[in-house]
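Each remark here refers to the structure printed beneath this line.
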Amino acid sequence: MALAFDEFGRPFIILREQDQKTRLRGIDAQKANIAAGKAVARILRSSLGPKGMDKMLQGPDGDITITNDGATILEQMDVDNQIAKLMVELSRSQDYEIGDGTTGVVVMAGALLEQAERQLDRGIHPIRIAEGYEMASRVAVEHLERIAQKFEFDINNFEPLVQTCMTTLSSKIVNRCKRSLAEIAVKAVLAVADLERRDVNLDLIKVEGKVGGKLEDTELIYGILIDKDMSHPQMPKHIEDAHIAILTCPFEPPKPKTKHKVDIDTVEKFETLRKQEQQYFDEMVQKCKDVGATLVICQWGFDDEANHLLMHRNLPAVRWVGGVELELIAIATGGRIVPRFQELTPEKLGKAGVVREKSFGTTKERMLYIEHCANSKAVTVFIRGGNKMMIEETKRSIHDALCVARNLIRNKSIVYGGGAAEIACSLAVDAAADKYPGVEQYAIRAFAEALDSVPMALAENSGLQPIETLSAVKSQQIKENIPFYGIDCNDVGTNDMREQNVFETLIGKQQQILLATQVVKMILKIDDVISNSEY
Amino acid sequence: MPIDKIFKDDASEEKGERARMASFVGAMAISDLVKSTLGPKGMDKILQSTGRGHAVTVTNDGATILKSLHIDNPAAKVLVDISKVQDDEVGDGTTSVVVLAGELLREAEKLVASKIHPMTIIAGYRMASECARNALLKRVIDNKENAEKFRSDLLKIAMTTLCSKILSQDKEHFAEMAVDAVFRLKGSTNLEAIQIIKKPGGSLKDSFLDEGFILDKKIGIGQPKRIENAKILVANTAMDTDKVKIYGARVRVDSMTKVAEIEGAEKEKMKDKVKKIIAHGINCFVNRQLIYNFPEELFADAGILAIEHADFEGIESLGLVTGGEIASTFDNPESVKLGHCKLIEEIMIGEDKLIHFSGCEMGQACSIVLRGASHHVLDEAERSLHDALCVLSQTVNDTRVLLGGGWPEMVMAKEVDELARKTAGKKSHAIEAFSRALVAIPTTIADNAGLDSAELVAQLRAEHHNDGCNAGIDVISGSVGDMEERGIYEAFKVKQAVLLSATEASEMILRVDEIITCAPRRREDRM
């Protein structure tokens, strides 16, 4: 296959160790790649929308994940095919960029590939298809901008935000209490949002989960929650108006980095060393006490003696707190992380209204709440639920909702969900197709058809007649020239997404179309696949 | 074309009906496994571990059974997980939750077979579980105000919980014990304060609750065996050679005399420490770490009872009981809080000597000494007692109680049936199925007792047609009776948790339409 001959008729070897490689070329390569991409999309297709089903994934160690979040499914699926890996990347980048719509983007890409296959069969060159798709995606994105609506909200009126988050949550298992979870997500985002700069740092929102209780017990804590307890069982469990010293140095004798030895050769030296040691502990504790700390949070462990001294001086302490938590505490309480005892000053202490320990269930699970902090910019969403998988899935859902709320604060534009935006785009692209002369026209039409597949999948998953429903909605949109009609997934009785309050963010939708187009273009341009045949 | 090669080798994918079938079958197998242990006449299981020694456990505690199973089916793992959570959260009902979830899935399978979409079933189940919960809420009994009545409620709950366990023979005795112990906690749920000591020998009836605290340790030789009005210092400090903690310190000497000197200094240091400890004016010293012979001797000389190597929990609860603080430095004797108790003495249980602290100040902690014929019996007894204690401590916080013996299930089933009749659409089938699943629990209880379940459940259903009926199945006499009269009570919190987690779990399994199994991680040696 990959043989060439020179003028004497001797073969060149272009590909080394040919017999160990498999090679696919030309139209075969494209067909194979498209098939692989479609296969991945087919897996996700049934997870789309509020009535989408979940997938159960068993990891290599037998651990189980149940989810319908596209990014998570693909990440855990452990795929081997290169093209399938591209699809996984696609969903992941949507997750990083937007946080929601990870399933939609893959379904969209799958549909584009399917259409491309049909065009290939007609003999259209892959590059022409790719170009046509590119033009079509531009038209679609512009059209989205046109039909997008600004919607107004502020700190006091966040109802529209809650509605949008509810749209996101309704496709998850947690939709039983989507109202309360959406409110939690919105409140959390608003608490940390910088409305001036229109920016939200999601790092400030910590999502903690604890098995037990019920989903309804999920709460938003204006403060920090750490999965630790006091270092000494008899330390006070409730501290009001705490001044917190945040330390990254252990309550232990110093360990200089340079190699050294302390030689003991006389009794006197032994005695002095002993005194020194005691004094050292004493000083450390005294230092904390002197600056007025009422709580010590330390990244490292304590010596037994130090622990007791702390307890003795009535200075509660928490040990082995992780670096991330430590930073969050520092942000929330307005304190500084102090690396050495000598540098402790009263200004560097963090302040919190209440620090309390709470125990759960019958086992000795305790957690530490730090609330009413000086700087309320860090919040924690504390999730409860029936089992571990439920908690994990709720965490993912909350993450999606948080991302949506953040995107809305960044950009207030929304489009209507339930497939309404896709149908409107499809109509616009279809209309635009006729204006393009040349082969691209066919590709653009194919793009329009691919856009229909998202509402089609929605209808299919909701148990509706897909073709019938889609055509009805489409004609309704054209007839009334209103781009708000979508698929009525929840059987409410109206197709008007404004009435159903189903929104999605504009940037999310735009990103979906752009990313999907990009990946499909890339896949179409591949015409040679060389791989080791051992696999 | 390499389409079928999306996944790595050995990975498998199951779709649609097949996936659903796999999870139904797995979940039902698990629920059938534990089904026979449900109820007062439930049978036990023997579990043999594959590890060294092939340790054997005999139990009928659902969570314990499921925890020890090696399961490959993903859906079954979900059920094991809910049982574990039920154990952590409320302590009891670990079997019921699995059986209910299994029944819900069994019903769901029938519905799926008759072409009802899983999402419709889930919607129906959700409505039904909400309705069932409200039905329970309407009928709860709350005796928070009336302390005496509440105590008797607790006693009945404890007896109901214990009657399905190995302790059922002496359930009155153990129920008394558990209620007493929980009342001492004064509302806290920290069960660690209740120490359970197992000593083989004697019979289960000889088990007793001790108001004081029992430490499973021996008293040092030559030290007093009995101390009245003890002042106790609870400590966590090294009493062997006190190491120099400054990093890099080491001893380097050049002659034998110096070795002797330093040894002398070390001894001196220890002596100092002991002196300081003695200066607290104590007559009992309990340390978490080892006490070497030398300091022990010093303590003996001073007439102080020194107890070494009490484990961490022991120290903590001793601190709780006696009200002393756990000390590690001894420089300021005046500010260290000492623990007090009236009497410390050595007691004999069976042939073991234990140290008994009685007449303690705080009285929050207590010890339960379990006696029994063998280790297996004792282990099972401990698990049963633990269940009872968990339920009781939760009930103290949430004082609502219900009647037992299948009564709550029948009440729920009746309300859910009503709902099914009122609901239009395909959901009503699912709601009806939910009520059938609820009735399966009393049916199983009756079946396990070898009774005519069909007859009894039908009778029960008829009784429940009257409003405000208290009828349930009395397994002991094998008939339908008034549960209030027979004193069979259950905690509301347990029932609620069973209902909610079982619904949640079955919903989760129902939503799955595809199972993707990754290739198992290969062990190195098999490569």
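The values are calculated or read from the model by the stated rules, or taken from the named source; none is laboratory data. As the structure is a computational prediction, the values presented were derived from the model and not from experiment. Because the Cβ atoms are built from the backbone with ideal geometry, glycine has one as well, and the counts that use them run over all protein chains shown. Just so you know, the surface numbers come from the protein's heavy atoms only, side chains and all, with ligands and any DNA or RNA stripped out. Shrake-Rupley method; radii C 1.70, N 1.55, O 1.52, S 1.80 Å.
Determine the pairs where a residue that is within 14 Å of chain B (Cβ to nearest Cβ), located within the stretch A:212-223, has a partner that is part of a strand (DSSP E or B) and among the aromatic types (Phe, Trp, Tyr) with Cβ atoms under 8 Å apart, the partner being 6 or more residues away or on another chain.
Short answer, once both residue conditions are applied: A:Gly212/A:Phe360; A:Gly213/A:Phe360; A:Thr218/A:Phe382.
Show the residue pairs that are 6+ apart or on different chains and have beta-carbon atoms under 8 Å apart, the first residue being within the stretch A:51-71 and not assigned by TED's automatic domain parsing to the domain that holds A:Thr102, the second being assigned to a loop (DSSP other than H, G, I, E, B).
That search, which allows pairs on different chains as well, returns nothing.
Return the residue satisfying two criteria in turn: it lies in the stretch B:466-523 and is within 14 Å of chain A (Cβ to nearest Cβ), assigned to a loop (DSSP other than H, G, I, E, B) and among the charged types (D, E, K, R), and of such residues it is least open to solvent (accessible area, probe 1.4 Å).
B:Arg511
Return the only residue of B:Ile349, B:Ile326 being open to solvent by less than 30 Å² (accessible area, probe 1.4 Å), over 15 Å from B:Leu209 (Cα atoms) and modelled with pLDDT of 70 or more.
That would be B:Ile326, the only listed residue that is open to solvent by less than 30 Å² (accessible area, probe 1.4 Å), over 15 Å from B:Leu209 (Cα atoms) and modelled with pLDDT of 70 or more.
Kindly indicate whether A:Arg356 is at pLDDT 80 or above, more than 10 Å from chain B (Cβ to nearest Cβ) and crowded, with 17+ Cβ neighbours inside 10 Å. First the steps, then the outcome.
Values: at pLDDT 80 or above: yes; more than 10 Å from chain B (Cβ to nearest Cβ): yes; crowded, with 17+ Cβ neighbours inside 10 Å: no.
Answer is no for this residue.
Just for the stretch A:483-517: of the residues that are in a loop (DSSP other than H, G, I, E, B) and free of Cβ contacts under 8 Å to residues at least 12 places away in the same chain, which one is most open to solvent (accessible area, probe 1.4 Å)? Break it down into steps so the answer makes sense when it comes.
Step one: list which residues in the stretch A:483-517 are in a loop (DSSP other than H, G, I, E, B), which gives A:483-484, A:486-495, A:501-502.
Cutting the leftovers down to free of Cβ contacts under 8 Å to residues at least 12 places away in the same chain gives us A:492-494.
Numbers: A:Val492: 93, A:Gly493: 71, A:Thr494: 34 Å².
Here the residue is A:Val492.
Condition first: charged (D, E, K, R) and modelled with pLDDT under 85. Can you find one or more residues in the stretch A:157-175 that meet it? Give the steps one after another, and end with the answer.
Residues of the stretch A:157-175 charged (D, E, K, R): A:159, A:172.
In the following step, the residues that additionally are modelled with pLDDT under 85 were identified as A:159, A:172.
Checking the stretch A:157-175: at least one residue is charged (D, E, K, R) and modelled with pLDDT under 85.
Considering only residues that are more than 22 Å from B:Gly406 (Cα to Cα) and either buried (at least 16 other Cβ atoms within 10 Å of the Cβ) or touching a strand residue (DSSP E or B) at 6+ places or on another chain (Cβ under 9 Å) (or both), which ones fall in the stretch B:129-151?
First pass over the stretch B:129-151, keeping only residues more than 22 Å from B:Gly406 (Cα to Cα): B:144-149, B:151.
Within the stretch B:129-151, B:Lys144 is the sole residue that qualifies.
Within the stretch A:27-41, is there a residue that is of a type in the set (Asp, Glu) and without any contact (Cβ under 8 Å) to a residue 24 or more places away in the chain?
Yes, that holds for at least one residue.
Residues are listed down the side, and each one gets a yes or a no for (1) basic (Lys, Arg); (2) over 16 Å from A:Phe503 (Cα atoms); (3) open to solvent by 20 Å² or more (accessible area, probe 1.4 Å):
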{"position": "A:Cys165", "(1), (2), (3)": "no, no, no"}
{"position": "A:Thr168", "(1), (2), (3)": "no, no, no"}
{"position": "A:Cys177", "(1), (2), (3)": "no, yes, no"}
{"position": "A:Leu181", "(1), (2), (3)": "no, yes, no"}
{"position": "A:Ala188", "(1), (2), (3)": "no, yes, no"}
{"position": "A:Val192", "(1), (2), (3)": "no, yes, no"}
{"position": "A:Asp203", "(1), (2), (3)": "no, yes, yes"}
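Quick check on the stretch A:281-288. Is at least one of its residues within 12 Å of another protein chain (Cβ to nearest Cβ), open to solvent by 20 Å² or more (accessible area, probe 1.4 Å) and at pLDDT below 80? Before you say what the answer is, go through the steps one by one.
Step one: of the stretch A:281-288, the residues within 12 Å of another protein chain (Cβ to nearest Cβ) are A:281-282, A:285.
Then drop every residue that is not open to solvent by 20 Å² or more (accessible area, probe 1.4 Å), which leaves A:282.
Within this subset, residues satisfying the condition of being at pLDDT below 80 are none.
Looking for residues that are within 12 Å of another protein chain (Cβ to nearest Cβ), open to solvent by 20 Å² or more (accessible area, probe 1.4 Å) and at pLDDT below 80, one finds none in the stretch A:281-288, hence no.
I'm trying to understand the selection: among the residues of the stretch B:88-99, which are touching a Ser or Thr at 6+ places or on another chain (Cβ under 8 Å), touching a residue at least 24 places away in the same chain (Cβ under 8 Å) and of a type outside the set (Val, Ile, Thr)?
Taking the stretch B:88-99 first, the residues touching a Ser or Thr at 6+ places or on another chain (Cβ under 8 Å) are B:88-92, B:94-95, B:97-99.
So of that shortlist, the ones also touching a residue at least 24 places away in the same chain (Cβ under 8 Å) come out as B:89-92, B:94-95, B:97-99.
Within the stretch B:88-99, B:Glu89, B:Gly91, B:Asp92 meet the criteria.
Among the residues of the stretch B:189-212, count how many are away from chain A (no Cβ under 13 Å) and modelled with pLDDT of 75 or more.
Here the count works out to 16.
Taking the options B:Asp32, B:Asp72, name whichever one is facing chain A (nearest Cβ under 9 Å) and either over 30 Å from A:Thr22 (Cα atoms) or not basic (Lys, Arg) (or both).
On the way: B:Asp32 fails: facing chain A (nearest Cβ under 9 Å).
Going through B:Asp32, B:Asp72 in turn, the sole match is B:Asp72.
If you scan the stretch A:240-267, which residues turn out to be more than 9 Å from chain B (Cβ to nearest Cβ) and either loosely packed, with under 14 Cβ neighbours inside 10 Å or assigned to a strand (DSSP E or B) (or both)? Steps first, answer last, please.
First, the residues of the stretch A:240-267 that are more than 9 Å from chain B (Cβ to nearest Cβ): A:240-251, A:257-258.
Those that are more than 9 Å from chain B (Cβ to nearest Cβ) and either loosely packed, with under 14 Cβ neighbours inside 10 Å or assigned to a strand (DSSP E or B) (or both): A:Glu240, A:Asp241, A:Ala242, A:His243, A:Ile244, A:Ala245, A:Ile246, A:Leu247, A:Phe251, A:Lys257, A:Thr258.
For A:Ile467, work out the one condition from (1) open to solvent by 10 Å² or more (accessible area, probe 1.4 Å); (2) within 14 Å of another protein chain (Cβ to nearest Cβ); (3) of a type outside the set (Asp, Glu) it doesn't fulfil.
(2)
Of the residues B:Arg106, B:Arg126, which is within 25 Å of B:Ala446 (Cβ to Cβ), surrounded by fewer than 24 Cβ atoms within 10 Å (Cβ to Cβ) and at pLDDT 85 or above?
Checking each option against the conditions leaves just B:Arg106.
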